Amino acid sequence: MTRPRPGTSRGQGPGAKLRKGPYLAVGVLVLTGATAYAIAGSIRLVVSISTGALLALVAQRYVAQNRASVAEIERTNEELRRSNADLRALYEFAAGLAVHTHDTRGLVTYARRSVQKLLGARVVVAVGDHPDEDSIPLVAAGRTVGSLRISGGDAERWARLREAIEPRLASALASTIRVEQVRKNHLETIAALSRSMEAKDSFAGGHTERVSDLALGLARRLGYSGADLDAIEIGALMHDIGKVGIPEPILNKPGPLANDEWIVIKRHPVISELILSEVDLSPIVLQIARSSHERMDGQGYPDGLAGEEIPLPARIVLVADAFDALTSDRPYRRARRPRAAIEEIAANAGTQFCPRVVAVLERMYRDDPAALGEVTLSVIAG
C-alpha cells in the first residue's frame, strides 16, 4: 500500500484541484446570480412602491388643481352673472331717466324708487344747489343740481354702480330743470295771452288759469303725466282763445243769449282749433280747443259728439270750466259754494258731464275741500 507523500492528503492532489475548479466557478456564478436576483427584486419592489406613491401624488395634485379650476370657473361665472345683472340694471335705469326728463317730480320719484330697488336701501333724491352734509352732491357741467342720500342697503353693489349712477342722474336732473324752465316761460307767455283774451270778457278775470289748475288736478288723478299733462294744461289755458272772434256785446251780455247769438258763440271752438292748428302743439291741445263744449248726451257743440266719442282731456276741461263758472260771480247770479257747485255738476253726470271725471272731482273735494276753495269755519269755545 502506497503512502501519501508528506504534505499531501487524499483527494488533494493535482487532479483534485482540477476537479474543484469548475464547481467553484459555478458556485460563484450562482451566488452572484442569487444576489443579483435579490437586488433586482428589491429594486422592483422599490420601483413598484415608488411608482404607486408617485401616481397617488400626481392624482392628488390633479384633483386639487381640478378643484381650484372649478372654483375659479364658478367665481368667474358668478362675476359674469353679477356684471350682467349690473349692466341690465344700469340700462333700465338710464332708459327710465330718459323717459322722465320732462318732469322733475316724476324724475325724482323714479330715481328714488329705482335706486332703492337696486340697493335695498332708503334713498332720498332732492333738487337744488344746497345739499345737506349727509348727501352726495349731484353735479352736472360744474353745477350742483341736486343731491342723493343713501342709508343702508347693499354697500358692495353701490360701490360698483356709483360711478355710473351719479353722473347719469345729475345729467337727467339738469336736463329736466332746463326743460321745466323753458316750459315755465312758455306757459307764462300762454297765460299772458289768455289774460289778454279775458280782458275782452269782463266776467272772466282769472278764469282760464283757475280752470287750468283744476284740470291738472283732475288729469293727474285720472292717470295723466308728463307731456300729456303739459298738453292738458296748455289746452285748458287756451280752450277759449276762439272768443277773440266773438263780438264783445255777445260775450258781455248780462242776460240770456238769443238764438242767433248762440249760433255765433258756438263757432268759437272751431275758431280756437283753427288758431292753434297753426302752432306745433300736441293733438291733445287741439282736442280740448274743439271739443271741450261737447256733452255726454250729444247735445253739445260744435260737432254733437256723445259719450266716449268726446276725448277724455276735453271732458276734463269741461268739468273744470263748469266748476269755475258756477263758483264765480256773474251779473245775473252770485257765486255758489264749492259743495253746491259739485252737487249741481253731479246731478248732470251722464248727460252733460262725464261720470268718471265727476267722480274724481267729488273725491278731490272729500280729500281736500280747501283746495277747491271751500272755507270751513271753526267754532272756538270761550
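The values are calculated or read from the model by the stated rules, or taken from the named source; none is laboratory data. Computed from a predicted structure; not experimentally measured. In this analysis, Cβ positions are derived from the backbone assuming ideal geometry, glycine residues included, and neighbour counts consider all displayed protein chains.
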Exercise. Do you know which residues across region 140-163 are surrounded by fewer than 18 Cβ atoms within 10 Å (Cβ to Cβ), more than 16 Å from LYS117 (Cα to Cα) and touching a helix residue (DSSP H, G or I) at 6+ places or on another chain (Cβ under 9 Å)?
Worked result: ALA141, ARG143, THR144
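Based on what the data block shows, is SER272 without any contact (Cβ under 8 Å) to a residue 40 or more places away in the chain and surrounded by 14 or more Cβ atoms within 10 Å (Cβ to Cβ)? Spell out how you get there, then give the answer.
Values: without any contact (Cβ under 8 Å) to a residue 40 or more places away in the chain: yes; surrounded by 14 or more Cβ atoms within 10 Å (Cβ to Cβ): yes.
So SER272 passes the test.
Identify all residues within region 193-233 that are part of a loop (DSSP other than H, G, I, E, B) and at pLDDT 90 or above; write none if there are none.
Residues of region 193-233 part of a loop (DSSP other than H, G, I, E, B): 199-206, 222-225.
LEU222, GLY223, TYR224, listed by residue number.
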Exercise. What number of residues within region 310-324 satisfy the criterion of being more than 33 Å from the chain's Cα centre (by Cα) and over 17 Å from HIS207 (Cβ atoms)?
Worked result: 0
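When you go through ARG81, ARG61, ARG75 one by one, which is the residue that is assigned to a helix (DSSP H, G or I) and modelled with pLDDT of 75 or more? Even if it seems obvious, please write down each step before you answer.
Working: ARG61 fails: modelled with pLDDT of 75 or more; ARG75 fails: modelled with pLDDT of 75 or more.
One residue alone meets the criteria, ARG81.
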Exercise. Hey, ILE241 hits all of (1) touching a His at 6+ places or on another chain (Cβ under 9 Å); (2) aliphatic (A, V, I, L, M); (3) within 19 Å of ASP103 (Cα to Cα) but one; which does it fall short on?
Worked result: (3)
Seminar exercise, completed: Selection from region 310-339 of residues within 15 Å of THR208 (Cα to Cα) and of a type outside the set (D, E, K, R) yields ALA314, ILE316, VAL317, LEU318, VAL319, ALA320, ALA322, PHE323, ALA325, LEU326, THR327, SER328
